[in-house]
There are 4 protein chains.
Amino acid sequence: MTTDVIAPARTRRAGFVGGGFMAAVHSRAARAARADLVGAASSSPSRAAAAAERLGLGAGYDSFEALLADPDIEVVHICTPNTTHAAFARAALEAGKHVICEKPLATTTADAEALADLAAERGLVAAVPFVYRFHPMAREARARVAAGETGRLLSVHGAYLQDWLATPRDDDWRVDTALGGPSRAFADIGSHLVDLVEFVAGERIVRLAASTRTVYAERADHAAIETEDLVALVVELSSGALGTLLVSQVAPGRKNALSIELAGTDASVRFEQERPDTLWIGRTEASSIVERDPARLAADAARLSLVPAGHPMGYQDAFNAFVADAYAAIDGARPEGLPTFADGLRAARVTEAVLASAERHDWVEVAA
Amino acid sequence: MTTDVIAPARTRRAGFVGGGFMAAVHSRAARAARADLVGAASSSPSRAAAAAERLGLGAGYDSFEALLADPDIEVVHICTPNTTHAAFARAALEAGKHVICEKPLATTTADAEALADLAAERGLVAAVPFVYRFHPMAREARARVAAGETGRLLSVHGAYLQDWLATPRDDDWRVDTALGGPSRAFADIGSHLVDLVEFVAGERIVRLAASTRTVYAERADHAAIETEDLVALVVELSSGALGTLLVSQVAPGRKNALSIELAGTDASVRFEQERPDTLWIGRTEASSIVERDPARLAADAARLSLVPAGHPMGYQDAFNAFVADAYAAIDGARPEGLPTFADGLRAARVTEAVLASAERHDWVEVAA
Amino acid sequence: MTTDVIAPARTRRAGFVGGGFMAAVHSRAARAARADLVGAASSSPSRAAAAAERLGLGAGYDSFEALLADPDIEVVHICTPNTTHAAFARAALEAGKHVICEKPLATTTADAEALADLAAERGLVAAVPFVYRFHPMAREARARVAAGETGRLLSVHGAYLQDWLATPRDDDWRVDTALGGPSRAFADIGSHLVDLVEFVAGERIVRLAASTRTVYAERADHAAIETEDLVALVVELSSGALGTLLVSQVAPGRKNALSIELAGTDASVRFEQERPDTLWIGRTEASSIVERDPARLAADAARLSLVPAGHPMGYQDAFNAFVADAYAAIDGARPEGLPTFADGLRAARVTEAVLASAERHDWVEVAA
Amino acid sequence: MTTDVIAPARTRRAGFVGGGFMAAVHSRAARAARADLVGAASSSPSRAAAAAERLGLGAGYDSFEALLADPDIEVVHICTPNTTHAAFARAALEAGKHVICEKPLATTTADAEALADLAAERGLVAAVPFVYRFHPMAREARARVAAGETGRLLSVHGAYLQDWLATPRDDDWRVDTALGGPSRAFADIGSHLVDLVEFVAGERIVRLAASTRTVYAERADHAAIETEDLVALVVELSSGALGTLLVSQVAPGRKNALSIELAGTDASVRFEQERPDTLWIGRTEASSIVERDPARLAADAARLSLVPAGHPMGYQDAFNAFVADAYAAIDGARPEGLPTFADGLRAARVTEAVLASAERHDWVEVAA
């Protein structure tokens, strides 16, 4: 009834940069994909050793350079603060390593473009974890849209709401432009929302009008914060469809409420990340709740279903599937829907357009 | 445990113009408010007689003028197509009648303004059924916002989605500019959404950027349709809060899905018209589902609660409360939150701003 | 799109006994049915006058007998404490009045049987408000079961949970055997649950094993309370289907949570009274949420739909439809699904079986 | 914000018996716990080799005996059909191996008791995957009940509904008494339901009245089926609380719908396995939706939270935590809430009581 998505062609040998929460998530996924966890680098040798010990990552390297120099490592997971991604990713690619780099891939479009070009040039696998694509029901939504079940797209209703930065007592390195980059809420979670909309819809946002707010210019450990807490935007898609997107990290009671509802001429489809095992299909005559039942899903959704219907799958399962697919790509497979540096570049472009629109207080075209 | 909101000071004598669905809703509400249903006028004497018979409205008048000439009628309910509202309302006011006029009050800002002025000048009650204000939990939401429970408003996430015009086979006089006016989806349902947002938030939308679509220029009985099916907008409120609003009559599976979610610095509040007996209060530590329990609501919400918690109240109940309050105003009371022609004018202004923004493809200020 | 269910053949002339919450509900329904509200009796002339004034019931009578003696009254609504129902109903029938009597019709099976016989003998309309039958989607559920959509019934999962008596500080005359009768939670709400299960399923409970609890023998104003707060039972239906029913008035957080889920060989159907406008249809391949859309419902459900899909209907709407149908029966119509004294007798029998089973701690057959 | 529950004291060396779906689940959990997956046995050497290859389990052994004889294996996962569990578990314990045995541990109380005794005698870890205990919010529910937040328990409303055997075309070895044992629906899923109720409530079911049904005596590949599809029961708990439990594998539209709602004198708590990341806390004044937010949970719930609030956790995560805790027990830890062979014995006793009650059609005491 279910396939084992993570049966690898052969054992990958992985290194990790960073030792925080995302490194834990990446390393669990690598282990689930039966990789050999070779070692870790961090901001100091002692932190690298501690992370390696804690997360079971093999050896601690003295530096990122030392990790790259290890010929035993073939794929590097970059799990460090945003503004360091581009340099690390570039160095890893230049060292001939495959790269799985946390998002945002880069904090400027130029950097992201250079990285995407470099990866293509070197023929290396270069992936960015737009991981919500790996919920089976997100795939099911996409498959149904692609099969024409919803008809021509008319509207998009999307939001990504969180509350972990809802008060000025809440703080994080991400609020700091120097570490997080010029956009925070949008680059961090808005980019996921746009990626999922475009992935499911199968089309692109072409124009947008955005407004942003920095609600708290001061937080516990930061002053003069310039990164936005909140973004509201209207978007137009290539088919002419319209939509609204609301992105906020200051929405009390909303933990990780990513939702998209696409309405087409024939049906609507709604996916909510916090309840990833169901899909709402809206029809005028009667709407359906489709459960993640591997026996009844599109092939690309069924292959990501590890357990039967009614046995909930979650975030780590989606991440595991992403890493398994990235590793499969290293093996030469072409897994459907693997988000690459080209998608990281796309996110940078949309983020840039959002900031520009908010600054100019005008509609902005999004570069294709 | 519950109060009887509709105990009138004395029996009102009501006349009705129009004989369709809304006339049925108005007349049920008038009857529940123990009014004397004196008579009805319609587009012909025979239609007036038939409506009077069918809806139990008393006598059928030969014309609107005949109805106005009856000194026995003190309040007139106008339930006719949109573009006729202004003239009927003006005539009724000039005849010294109180008026309850369906929305949109007028299809131009100038007409709406003149009507609001005229009503004020004459000292007559002049109400417009922004009826969703009369769900007790919408009042509860407003009371909590006003009491500071949500803190300073940061964002608004709103939508009003329907599907009764989702296919080109679906048709209605409202699609016709000549009868419905220049705006359809926004004037018809977007105006409700904006009214409810502003009513609950206690503040106004000051600027907006909108885009509209007419998905079907031809429907079963109409060609060259120019009124919009769909509107997406981003809004800025007077406090600086941002929001997105999506309004569509072509959203398969959505029947009357008016929802608003206001996030403040301290808490969020969400109200959904299709489940009007609960309110979601979002807080970082734990969110609540507040049930409509008259014993535990704000006074203005409790007074509209006819039945105990868990006994659902609905659309007709809300309409009944609106009419009861309008009648109470005729008796000299000043019921909290009665929507008047000033609110009808407000809706006209916002609608005008939306159409202007969509046409100019630019941000537009909304007149105060 | 919707029909006006309450268009009466002619104006009924109604009297009311009692002046509490249920009298308010009955009188609103009578008014909505365009009845002539002739007058009210209560436990004293002054209370009768006060109730008549407050509820708009016409004249206050000095006594129940005086009300019965008024030839102008043709239908009597009995809204008094439980143990008085039987005597009032008998007297009203003997006076040749049609009767709408609150439930429980009687607190013994013998009384209920005598009343049902008397009503039949006299040819009078005698109705009991098993009012949840009048939610359109309960009718829709019943129509689908009757049409074979669910197949042979296999299981019933039902509950009716409230919390208004959840603490010993909560009190009411119903806890007192002398006023409420020997069963409280079951007679009051369990009877609704059983009626709805049997109404929707189209078959009867034939055997049951029950257990009861009186959690609080003392409450604010009562001591030595013997009536039950809580009942749990297993039931077997005539088709062989099995089910569980849980009935509680001490379930914190549950206001009026009546839910039934019937699973058949082909599909399941779930109805929840607190969200009466939707029906869940469970199927192995994909489950549906059916909205109350008059255009798409069974005839008997559509005729009770006063407003379009997405415009919520509630408890008072259901009550209005019940009274309208009872009045229609007086006019000689035979409205589908009107609950009569025969249904009141059925409730008495099931209640008796529940108490007997709990006392003997054994399975008990329910008399047909 | 989250702890890494699966950081092991040292690497466990695990062997697996069986190669089906549950073996895949167990092996993923063992891998996540950083175990050394030494090898697998199955019903033939070739099947063992295939399972080992497919699931990445190390070597394939020629027989179960050969696996037991390997001194390198210290813990054996038994994932075979029900009726084989007891003999395999006995042999493994006798070989000095720790055992993780699929449920039902045994198909007779006598066998289960002997196994529990043997495990205790040998001082070996012997666990049974009542895995729903490992959803963090089930732990949170338990912690709140234990802390007195719900007060004295009054009622239990539980169900476990599935549809994978809803039609006679659906078949499985479990329907066959020879492989599955004398009880099917109850032993398979009812046992989970009872375990979770007792685990969260902190008290035991002491008496019950049950009824069972075998809806389909013939299925695709089996005739004369005697195992039950459906069980309905009423239960009494040691505190005097009452409850109903419905267990069905023939409930169309229900995939794995395990739900429990416990009502106490002060509050209710509801947990649904299909939405395991939230808990409903019912209170008369206002009910709460508690999200799985590690920063705000009881310690025992927080330690099982791998990812932040709003990032859904699922079935495999719960299974991983179970296996990690079982391995920690091998290391000498005493993890809270690890289900052992004593719990497997408990399940056997309740199952036996259910079958006895259904057969005698009478109340039955459950052995302590």
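Every number in this text was worked out from the coordinates using simple rules, so none of it is lab data. Here the structure is a predicted model, which is why all the values come from computation and not from measurement. Because the Cβ atoms are built from the backbone with ideal geometry, glycine has one as well, and the counts that use them run over all protein chains shown.
Once both labels are modelled 7 Å past Cα along the beta-carbon direction, what's the D:F21-A:A120 spacing in nm?
For the pair D:F21/A:A120, the computed spacing is 4.4 nm.
In bins 20 Å wide, starting from 0, what share of all Cα pairs of the protein assembly as shown does each bin hold, as a percent?
P(r) over the protein assembly as shown, rounded to whole percents: 9, 35, 36, 17, 3, 0.
Would you work out the charge dipole size for chain D about its Cα centre, treating the Cβ of every Lys and Arg as +1 and the Cβ of every Asp and Glu as -1, and quote it to the nearest 20 debye?
Values: 36 positive and 49 negative charges, 137 e Å.
Taking the Cα centre of chain D as origin, the dipole is about 660 debye.
Hey, what did segment B:209-325 get for relative contact order, percent, Cα under 8 Å, at least 6 apart?
Relative contact order of segment B:209-325: 12 percent.
Which chain D residue comes nearest the axis with its C-beta when you rotate D onto A, and by how many angstrom?
D:G314, 2
Helix-only estimate, please: 222 nm mean residue ellipticity of the protein assembly as shown, summing -39500 (n - 2.57) across DSSP H runs of length 4 or more and dividing by its residues, to the nearest 500. Could you put the intermediate results ahead of the total?
Working: 44 runs with 476 residues, N = 1472.
So the calculated ellipticity at 222 nm is -9500 deg cm²/dmol.
With a 10 Å Cβ neighbour count serving as the proxy for reagent exposure, in which order, fewest first, do A:E336, C:E261, D:E74 appear? Numbers along the way, then the final one.
Numbers: A:E336 14, C:E261 25, D:E74 20.
If I rank by nearby Cβ atoms, fewest first, I get A:E336, D:E74, C:E261.
Using +1 on the beta carbon of Lys and Arg, -1 on that of Asp and Glu, and nothing else charged, what's the dipole of segment C:314-357 about the Cα centre, debye to 20? Spell out each step's value before the answer.
Details: 3 positive and 6 negative charges, 38 e Å.
That gives segment C:314-357 a dipole magnitude of about 180 debye.
Output wanted: per-residue J couplings in Hz (rounded whole) for segment B:212-221, from phi through Karplus 6.51 cos²θ - 1.76 cosθ + 1.60, θ = phi - 60°, x for Gly and Pro.
Calculated HN-Hα couplings, in order: 10, 9, 9, 6, 10, 7, 10, 10, 3, 10 Hz.
Using the basic label-point model (7 angstrom from Cα toward the beta carbon), what is the D:D62 to D:A223 distance in nanometres?
Once both label points are built, they end up 4.0 nm from each other.
Spin-label point model (7 Å from Cα, Cβ direction): what's the C:A367 to C:T214 distance in nm?
2.4
Quick one: of the DSSP bridges fully inside chain B, what percent are antiparallel, nearest 5?
Values: 39 of 63 bridges.
Of those bridges, close to 60 percent are antiparallel.
Nm distances between the label at A:A333 and the same-position labels in the remaining copies, 7 Å along Cα→Cβ, shortest first?
3.2, 6.4, 6.9
Taking a label point 7 Å from Cα toward Cβ, how far is B:R296 from its twins in the other copies, in nm, shortest first?
Here the equivalent label points are 1.7, 3.4, 3.7 nm apart from this one.
Provide a whole-number value for the mean count of partner chain Cβ atoms within 10 Å of the Cβ atoms in peptide B:276-284.
Working: counts 3, 6, 4, 1, 2, 5, 10, 5, 15.
Mean partner-chain Cβ count within 10 Å for B:276-284: 6.
Rg/Rh for chain D to two decimals, with Rh computed the Kirkwood way over all alpha-carbon pairs.
Values: Rg = 20.1 Å, Rh = 20.9 Å.
So for chain D, dividing Rg by the Kirkwood Rh gives 0.96.
Could you put A:V206, D:V307 in order, starting from the residue whose Cβ has the fewest other Cβ atoms within 10 Å? Walk me through the numbers before you get to the answer.
On the way: A:V206 16, D:V307 23.
By the 10 Å Cβ count, ascending: A:V206, D:V307.
Considering only DSSP beta bridges where both residues belong to segment D:13-131, give the percentage that are antiparallel (nearest 5). Don't skip to the end; give the middle numbers.
Values: 0 of 17 bridges.
Antiparallel bridges make up about 0 percent of those DSSP assigns within segment D:13-131.
Which of A:L193, A:L237 comes first, and how do the rest follow, when ranked by fewest Cβ neighbours within 10 Å?
Working: A:L193 25, A:L237 21.
Lowest to highest Cβ neighbour count: A:L237, A:L193.
Taking the Cα atoms of segment A:300-368, what is the range of coordinates along each of the three principal axes, in descending order and whole Å?
On the principal axes, segment A:300-368 reaches 49, 33, 17 Å in Cα extent.
List the lysines whose Cα sits under 22 Å from the Cα of D:K103, skipping any in the same chain fewer than 8 residues away.
Cα-Cα hits under 22 Å: D:K255.
Using Cα centres only, tell me the gap between segment D:233-291 and segment A:194-219 in whole Å.
39
Give me the Debye-computed log₁₀ of I(q)/I(0) at q = 0.12, 0.13, 0.23 Å⁻¹ for segment A:169-289, equal point scatterers on Cα only, no solvent, two decimals.
-0.53, -0.61, -1.34
May I ask you to evaluate 6.51 cos²θ - 1.76 cosθ + 1.60, the Karplus curve with θ = phi - 60°, for each residue of segment A:75-84 and list the ³J(HN,Hα) values in order in whole Hz, giving x for glycine and proline?
Using θ = phi - 60°, the values come out as 9, 10, 9, 9, 10, 10, x, 3, 6, 8 Hz.
When the chain is fully extended, how far beyond the present Cα-Cα distance does C:D170 get from C:A356, taking 0.36 nm per residue of separation? Each step should come with its number before you reach the end.
Numbers: separation 186, 0.36 × 186 = 66.96 nm, distance 2.72 nm.
That pair, C:D170 and C:A356, stretches by 64.2 nm at full extension.
So how far, in whole Å, is the C-alpha centre of segment B:295-312 from the one of segment B:25-65?
Measuring centre to centre over Cα atoms gives 31 Å.
Please list, in order along segment C:52-69, the HN-Hα scalar couplings obtained from phi with the Karplus expression 6.51 cos²θ - 1.76 cosθ + 1.60 (θ = phi - 60°), rounded to whole Hz, x for Gly and Pro.
Ordered by residue, 3J(HN,Hα) equals 4, 5, 5, 9, x, 9, x, 7, x, 8, 6, 7, 4, 4, 4, 4, 4, 6 Hz.
With 5 Å bins from zero, work out the P(r) of segment A:251-346 over every alpha carbon pair and list the percent per bin.
Spelled out per bin, shortest first, that is 3, 11, 16, 20, 21, 16, 10, 3, 1, 0.
In the protein assembly as shown, what percentage of the DSSP-assigned beta bridges are antiparallel, given to the nearest 5? Walk me through the numbers before you get to the answer.
Working: 162 of 258 bridges.
Expressed as a percentage, antiparallel bridges in the protein assembly as shown total about 65.
For a Förster distance of 56 Å, can you work out the FRET efficiency between the beta-carbons of B:A87 and C:D266, rounded to the nearest 0.05?
Values: r = 57 Å, r/R0 = 1.02.
So, using R0 = 56 Å, E works out to roughly 0.50.
One decimal, nm, shortest first: give the distances between the label point of B:P168 and those of the same position in the other copies, each label point 7 Å from Cα along Cα→Cβ.
4.9, 5.7, 7.3
Can you list, bin by bin at 10 Å, the percent of alpha carbon pairs in segment A:13-131, starting at 0?
15, 51, 30, 4
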